[in-house]
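Notes follow the structure.
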Amino acid sequence: MKHSLYRLDSPFHSIDDFEFRLTEGVNGAERDGIIAALRLALKAKEQDTIVRPRGIDVAEILLGLRADALTLQVALLSDPYLRDTLEEAEIKARFGETVADLVQKVNWLNTFDEYRPTEVKEPQQAELLRRMLLAVVNDVRAVLVKLAYRLQRLRLLKSQEGELRERIAMETLDIFAPLANRLGLGQLKWELEDLAFRYLNPDKYREIANRLAINRASREAFVDRFIEMLRQELEAHHIHAKVYGRPKHIYSIYKKMQRKQLDLEELYDLHAVRVIVDDVATCYAVLGLVHGRWLHIPKEFDDYIANPKENGYQSLHTVVIGPEGRPVEVQIRTQAMHDFAEYGVAAHWRYKEGGKQDAVLDRSINALRRLLEDKGDDQAMLEDFRAELFEDQIFVLTPKGQVVRLSKGATPLDFAYHIHTEVGHRCRGAKVNGRIVPLTYSLKSGEKVEILTAKHGGPSLGWLDPHLGYVKTGHARSKIRQWFKQQDHEKHLRAGKAILDRERQKLGIKEVDLEELARHFHLPRGDDLLLAVGRADIAPGQLVNALKLPEWQPKTAAVPPPKKPLPPATGRASEDVTIQGVRNLLTYFAHCCDPKPGDPIIGYVTVGKGVAIHREDCDNIVQLPPHRQGRLIDVAWGAEPEVFPVELEVKALDRKGLLKDITQILAQEHINIVRTHSETNGDDQTVVMRITAEVSDWGQLSSVLDKISQVHNVFSARRVQHG
């Protein structure tokens, strides 16, 4: 038998009729854009002989979901033939940057081929893959178009070979049907699930469909009679309500039969009715009427209004014995509860997928659902989605297609230690999307990471130096420290002495009192200090800041440091910015305008993330809607820290741009340069640079000397000691 939602390949009667429905209610440039996109999609269908989803068929599906004009344009322009023949630059020129960007995202989703059935057997791995797709695409309209393309792909799968059909159907049930459910797209979800089930288990699908068809007419007539009886009961008690039958779908029935180990005829909700009323009190009034009129089954009664599900879902569920002794499930809820269950954070996917509560994801998906319905401030809602969803995490792939979740800013070394401790220890290089990258590379969602390892060896002490940026996660840092703790005692001692000597020579310190330094760290002996440094229990930065130089006299900075971007870390912002005279409040610097010390700034109170610091002339602040301007508050830069003058000596092989590279490092570290002097040896082209700079502490000085030492052609960089 044909699926109940089966559609013809050409659902519209004529092109003119289809164009009229696509552009109905749309005016101006959007109407012109749809017509131009339709012409291209029609041409693509005429010229492409391959049987595959077409843009016009996908647009027809999206029309049924009341998608907006821009989404329809994207659907038409994402035709697979146009993907191969139409340049992105041409789309941008003819349809605008937003449409071009969305088309590019849909094309990425349509060509994404990292699904591995063996890797998504665990629900957590399937959920990570779904989250990665959302994190990479970050625009609900692209996901919506992709889901429509997947539905059309399933409709055409009948002619495909069995193995391919099974793989696509499994991917649909694992990844895309839950995404449709998550976005509140019930029409897509049910058809995706039923078609996928039909291809994966045709015998069971046919059995359930045939058994439903045999008694369909009598079952529908029974539900209609029950609804009429219930309506009369409600009207007799002057209760206004909407009463209608709740449809059941084949895959849903199959899953419930499996879960409850029941036969089809034993399912209580095979006959199901939903009642929508005005308020909570009326919900219980209706429940009393239903229980008074028909005998109910106590064990099947659930009061999710008084005791909501963990995900917030609310409704009254009961099963009564209706006419002819047949059980009927009745759900009673208010319109607000119904809307929340259908479109809010308590959508069915929460308890049907068994996922854990995630407040940020809930808020973001709720915003996405509203975007499909609300024709108001779409742009602001999209920006909120991009800002909140997955802001602190990324999703990357292993070579086998497994999805790994990491903190934002994680490096290949963090990835290696996440995979396995030994992989991290023996990591010597990395490839991202097949290209060699440095171990300090910041990974991005959707990238495929391959770790290159040595047969033997361990981590480098430099990996623990926060200034060099090799690892970002505490997990990787902890594993590296543990490795050094387990190494030979003498090796740790030698390593600690080498680190201390290097820092001492770099900073121009002649003598160090080991015992006094050990007491500073509450250690009994100098050797214990060296061991702690060698094992990386004491970081080089901590060691440097504990060293004392009596001749270093403080001096207040005459000019502010060069204006360079501050790191977007929430902890840093509260130290640099005062909010209406108060320090140590949760803040962060906005990426959109990247405020720098000295810039006129203003604060914007966000929901759940503290205060965002913007420049006063930031476009997002200038264009802020009136209803959000009440969130603006006064902020000011904190006082400039005390600085100390030091003289640096850099020895190098002279080359063009050397001084520029060195001064750029100093600027990036917010170090003010007072004067520079260079002497070049004409015989061997070596150069000695003397740079007087102002630094705020020893850690800053040590970090910048390390970075200068790594500049191409530099032999050494150290502090010059006078006297």
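Just so you know, all these numbers are worked out from the coordinates, no wet-lab data involved. Note that the structure is a prediction, hence the values are computed from the model and not measured. A quick note on method: Cβ atoms are made from the backbone with ideal geometry, for glycine too, and the neighbour counts reach across all protein chains shown.
For a quick protection proxy, order the peptides 36-47, 188-199 by their average other-Cβ count within 10 Å, most packed first.
188-199, 36-47
Between Ala546 and Gln393, what's the calculated FRET efficiency when r is the beta-carbon distance and R0 is 35 Å? Round to 0.05.
0.50
For region 642-719, build the convex hull from the C-alpha positions and give me its volume per residue in Å³.
Taking only Cα atoms, region 642-719 has a hull volume of 73 Å³ per residue.
How much length is gained on full extension from Met257 to Asp48, taking 0.36 nm per residue of separation minus their Cα-Cα distance?
Roughly 70.9 nm would be gained on extension.
Among Pro524, Ile499, Ala546, whose Cα lies farthest out toward the positive end of the dipole of region 487-546, if unit charges sit on the beta carbon of Lys, Arg (+1) and Asp, Glu (-1)?
Ile499
Quickly rank 506-518, 146-158, 621-633 as a protection proxy: mean count of other C-beta atoms within 10 Å, highest first.
Per-residue Cβ counts within 10 Å, averaged per peptide and sorted highest first, yield 146-158, 506-518, 621-633.
In debye, nearest 20: dipole of region 145-219 around its Cα centre with unit charges on the Cβ of K, R (+) and D, E (-)?
The calculation lands at about 300 debye.
Residues of region 648-668 with amide nitrogen under 14 Å from the 7 Å Cα-to-Cβ point of Val688?
648-653
If you place +1 on the Cβ of every Lys and Arg and -1 on the Cβ of every Asp and Glu, how big does the dipole about the Cα centre of region 400-517 come out, in debye to the nearest 20?
Charge dipole, region 400-517, about its Cα centre: 680 debye, nearest 20.
Within the set Lys105/Lys146; Lys431/Lys707; Lys400/Lys448; Lys105/Lys400; Lys506/Lys651, which residue pairs have Cα atoms separated by over 19 Å?
Beyond 19 Å between Cα atoms: Lys431/Lys707; Lys105/Lys400.
In region 144-167, whose amide N lies under 19 Å from the spot 7 Å out along Cα-to-Cβ of Trp108? List them in ranges.
Inside the label zone: 144-150.
Where in region 80-116 does the label zone of Asn433 land, with the point 7 angstrom along Cα→C-beta and an amide N cut-off under 15 Å?
Residues 104-114 qualify, since their backbone N sits under 15 Å from the label point.
Can you tell me the FRET efficiency between Asn201 and Arg225 if r is taken as the Cβ-Cβ distance and R0 is 45 Å, rounded to the nearest 0.05?
Rounded to the nearest 0.05, the efficiency is 0.85.
Going toward the positive end of the dipole of region 642-719, with +1 on Lys and Arg Cβ and -1 on Asp and Glu Cβ, which of Ser703, Val714, Gly657 do you reach last?
Value computed over the given set: Gly657.
What is the fewest-to-most order of Met257, Met689 by other Cβ atoms lying within 10 Å of their Cβ?
Least to most surrounded, the residues fall as Met257, Met689.
How far apart, in nm, are two points set 7 Å out from the Cα along the Cα-to-Cβ line at Arg628 and at Glu511?
Spacing of the two 7 Å Cα→Cβ label points: 6.3 nm.
Explain nothing, just compute: Karplus ³J(HN,Hα) = 6.51 cos²θ - 1.76 cosθ + 1.60, θ = phi - 60°, for every residue of region 490-507 in order, whole Hz, x for Gly and Pro.
Once θ is set to phi - 60°, the couplings for region 490-507 become 5, 5, 4, 4, 5, 5, x, 5, 5, 5, 4, 5, 5, 5, 5, 5, 5, 8 Hz.
So how do Ser218, Ser252, Ser716 line up by other beta-carbon neighbours within 10 Å, fewest first?
Least crowded to most crowded, the residues run Ser218, Ser716, Ser252.
Taking neighbour counts of Cβ atoms within 10 Å as a proxy for exposure, in what order, fewest first, do Cys593, Cys618 appear?
With the fewest neighbours first, Cys593, Cys618 line up as Cys593, Cys618.
Mind ordering 283-294, 80-91 by average Cβ neighbours within 10 Å, highest first? Can you show the working numbers first?
Working: 283-294: 17.2, 80-91: 15.5.
Answer by packing, highest mean first, reads 283-294, 80-91.
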